[in-house]
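The values are calculated or read from the model by the stated rules, or taken from the named source; none is laboratory data. Everything quoted here is computed from the prediction, not taken from an experiment. Neighbour counts run over all protein chains shown; Cβ positions are idealised from the backbone, glycine included. Only protein heavy atoms, including side chains, enter the accessible area calculation; ligands, DNA and RNA are left aside. Shrake-Rupley method; radii C 1.70, N 1.55, O 1.52, S 1.80 Å.
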Amino acid sequence: MDVVEGTTIEKLIEMLNIDKNEVRLVFVNGKNQADWSFRIHPGDRIGIFPPVGGG
């Protein structure tokens, strides 16, 4: 998905119509990114993961 440079992770989650309460982890380029105000740069790869259970 292409987004405008400077879009925050929080805005991306809103654009994808994902409930923020359903997001447990966000990875940017393979690294955990807890700061939802992080601004996405060209070429960044974002992974959004829900809470998981199991054992």
For the stretch 1-51, what is the charge dipole size about the Cα centre, in debye to the nearest 20, if Lys and Arg each add +1 at the Cβ and Asp and Glu each add -1 at the Cβ? 180 debye
Which loop trypsin sites (Lys or Arg not before Pro) in the chain, with loop taken from DSSP, have no more than 10 other Cβ atoms within 10 angstrom of their Cβ? R24, R45
Which chymotrypsin sites (Phe, Trp or Tyr not before Pro) in the chain sit in a loop by DSSP (not H, G, I, E or B) and have at most 15 other Cβ atoms within 10 Å of their own Cβ? W36
Could you report the chain's accessible area per residue, 1.4 Å probe, as an integer in Å²? 77 Å²
Grab the Cα-Cα distance for M15 and I48, subtract it from 0.36 nm times how many residues apart they are, and report the gain in nm with one decimal. 10.6 nm
Normalised radius of gyration for the chain, please: alpha carbon Rg relative to 2.2 N^0.38 Å, two decimal places. 1.12
